[in-house]
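So the structure is just underneath, and the comments pick up after that.
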Amino acid sequence: MTNNEKIKLAQNIAVIAGIFCSVVALLLLLNFWQISKADPIESKALEVLFERLKDEPNNDGLKAEIRSYDLLARKAYFNSQWQIQTGALLLLFGAIILAFALRVYYAAKAKIEAPDKVLENEIASRILAQKGIIITGAAVFVLAIAASFASVNYLDKYNIEAVVAENIIQPTDEGIQVIDVSSAKTDSVQITATGDSTVLVTAVATDSAKVEAQPAAVVSLTAQTIKNNHNSFRGPFGQGVSYHKNIPTQWDGAAGTNIAWKAAIPKHGYNSPVIWGDKIFVSGSDKESREVYCFSRLDGKLLWTGKADNIQGSPATLPKVTEDTGLSAPTLATDGQRVFAIFATGDAIAFDMNGTRAWAKNLGVPDNHYGHSSSLIVWDNKLFVQYDTNRGGKIIALNAATGETAWEKTRASKISWASPVLAQVDGKYQLILTADPIVAGYDTKTGEELWQVKCMMGEVGPSVGFADGIVVAANEYAKMVAIDVKTHQILWEGDEYLPEASSPLAHSGLLIIATSYGVMACYDLKTGDKYWEHDVGKTLYSSPMFADGKIFMMDNDGVMRIYEFGKEMKLISENKLGEHAGTTPAFADGKIYIRGDKNLYCIGK
């Protein structure tokens, strides 16, 4: 290739690259201008729908419209972010090509021995024109890059200020034992904790006996003791499988049929009940305080209340959370010696089984635009906390007895609301976490990442399902992926039915999925073949549970559907709780325990 040909080629490439950069830069600026004028998250249409819902709190059609619009808004947001990030990369690529072509052009131009003679004023005009082009192009480039960076964290501004108060009509509860918490006698005991301020531990007792803070008996946390209880979200190891038998399949909360007891919960929360022995634990919160409650599993009496207060590093101002998450969404965990809770403030706290505070610490306020909802899980004297936020992902292991950090590992993940699951692989337990973009396994002793598969996207809410050596991760607007936990290979993928909040249930060769828009579906765990589906027409945020050969699935209206666990769809019964409930049930000794919006229920004879 001659020198003149090189000059001509470099000149053409530079012109094309310059035009390409200009077009991409202008598109980036236009995209930024559109986002700044029309926020895809803080929509005026959503505000109008929320205002209508205040006047029509029982309008299910309106609620469905709000949910659909919100999902579309979030999808629009992610599309905008993808366009901006892709545009910025294309602009950078074009600028590199342009710079390279110009360098080749001027280098080749310098090799010409006898340049044409030109007048001085013509040379000055050319230099001035070149400077103008360079300055204009640089300005457009800088503005486009600035616009892309200014748009990346746009969702941080997201906050739904409209609060929807739903009026729930309480039915007459004939034949139900109602526990009146306010009538119980309360004793406050002051305990001085080293390194912290005075802690108030409140014990609520009946007239006949008072609960005293006695040292809890040492319990060996083994796989069998965990299976005998229901110590974390979705039961033993967080897998959605209960090992209890003789579970009731018929009840009516309003009529009192098969309701052993119900007890009012002092403060609201979306966490599910956990059980150890004869004690059942939930948490609640409002603007004034965050609390942990211990009820008697046998008769529903409130045994003690533990307050999460006087914690060093706890924020003076509460973080903004949405109404459907709140400050106490994560489900508690217990190891039989202590019960552990975490709140959207970043406060983690432990009480012994009699309500005495064991330790408390602040992990830093989670940077979440909905609120923190990843539940806790405990094993090998460690409390595991999935802390995937807008600032990056990490998994924290705290010493269960002291609260000191055993290990902490940074994850190559984005924000997630999923919860950790424990899975036994080759005789050892590992933590399995899901987020955007990875599903990964971690060593429980050291935190070492054992494996990861990049397969998720979006705002991941469902935890993984695990059975038969297969991990199943899924998320709405993404896909469902089955992974061999030993080879780390993807066995199959699907996108027909995807959950938004409900976690997949994997057990004995079957996979159960529940979507937020009300479809239950059953798949073959190894192949992904679909066996059946059932459109219930109700919002499903609760996670399906396997117990006593059946599937238990609660909808947000408080109706639990019970199915036979099999390849054919067989609905056994539909049971009304009598109040709204989107939590996941717990099981123990032939009973079901369900948290409603206001009450805790024990179902069984």
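Does region 586-593 contain at least one residue that is among the aromatic types (F, W, Y), closer than 18 Å to A254 by Cα and in the same structural domain as A514 (by TED's automatic domain parsing)? Full working, then the answer.
Just the residues of region 586-593 that are among the aromatic types (F, W, Y), to begin with: 587, 593.
From what's left, closer than 18 Å to A254 by Cα: 593.
Now drop any that are not in the same structural domain as A514 (by TED's automatic domain parsing), which leaves 593.
Yes, region 586-593 contains a residue that is among the aromatic types (F, W, Y), closer than 18 Å to A254 by Cα and in the same structural domain as A514 (by TED's automatic domain parsing).
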Tally, over region 429-462, of residues that are touching a strand residue (DSSP E or B) at 6+ places or on another chain (Cβ under 8 Å) and within 23 Å of T222 (Cβ to Cβ): 11
In region 563-590, which residues are surrounded by 21 or more Cβ atoms within 10 Å (Cβ to Cβ) and part of a strand (DSSP E or B)? Y563, N575, A581, A586, F587, A588
Of everything in region 268-310 that's without any contact (Cβ under 8 Å) to a residue 60 or more places away in the chain and among the aliphatic types (A, V, I, L, M), which residue is nearest to H244 (Cα to Cα)? L298
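For every residue, the table says whether it meets (1) touching a His at 6+ places or on another chain (Cβ under 7 Å); (2) within 22 Å of I415 (Cβ to Cβ); (3) assigned to a loop (DSSP other than H, G, I, E, B).
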| position | (1), (2), (3) |
| --- | --- |
| T325 | no, yes, yes |
| T331 | no, yes, yes |
| G336 | no, no, yes |
| F340 | no, no, no |
| I349 | no, no, no |
| G355 | no, no, yes |
| G364 | no, yes, yes |
| G371 | no, yes, yes |
| S375 | no, yes, yes |
Got at least one residue in region 540-554 being surrounded by fewer than 18 Cβ atoms within 10 Å (Cβ to Cβ), in contact (Cβ under 8 Å) with a residue 40 or more places away in the chain, in the same structural domain as S373 (by TED's automatic domain parsing) and in contact with a Lys or Arg (Cβ under 8 Å, 6 or more places away or on another chain)? yes
State yes or no: is A45 at pLDDT below 80 and not assigned by TED's automatic domain parsing to the domain that holds K538? yes
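With A397, A467 as the choices, which residue is of a type in the set (G, A, S) and touching a His at 6+ places or on another chain (Cβ under 7 Å)? It would help to see each step written out before you state the result.
On the way: A397 fails: touching a His at 6+ places or on another chain (Cβ under 7 Å).
Going through A397, A467 in turn, just one is of a type in the set (G, A, S) and touching a His at 6+ places or on another chain (Cβ under 7 Å): A467.
Which one of these is modelled with pLDDT under 70, over 23 Å from the mean Cα position of the chain (by Cα), under 29 Å from F93 (Cα atoms) and surrounded by 16 or more Cβ atoms within 10 Å (Cβ to Cβ): I7, I35?
So the residue among I7, I35 that is modelled with pLDDT under 70, over 23 Å from the mean Cα position of the chain (by Cα), under 29 Å from F93 (Cα atoms) and surrounded by 16 or more Cβ atoms within 10 Å (Cβ to Cβ) is I35.
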Tell me which residues, restricted to region 288-336, are under 25 Å from A581 (Cβ atoms), buried (at least 22 other Cβ atoms within 10 Å of the Cβ) and acidic (D, E). E291
Mind checking whether some residue in region 523-538 is polar (S, T, N, Q) and either crowded, with 17+ Cβ neighbours inside 10 Å or touching a helix residue (DSSP H, G or I) at 6+ places or on another chain (Cβ under 9 Å) (or both)? no
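The values are calculated or read from the model by the stated rules, or taken from the named source; none is laboratory data. In this text the structure is predicted, and so the values were computed from the model without any measurement. Methodologically, a virtual Cβ is constructed for each residue, glycine included, from the backbone with ideal geometry; neighbour enumeration extends over all protein chains shown.
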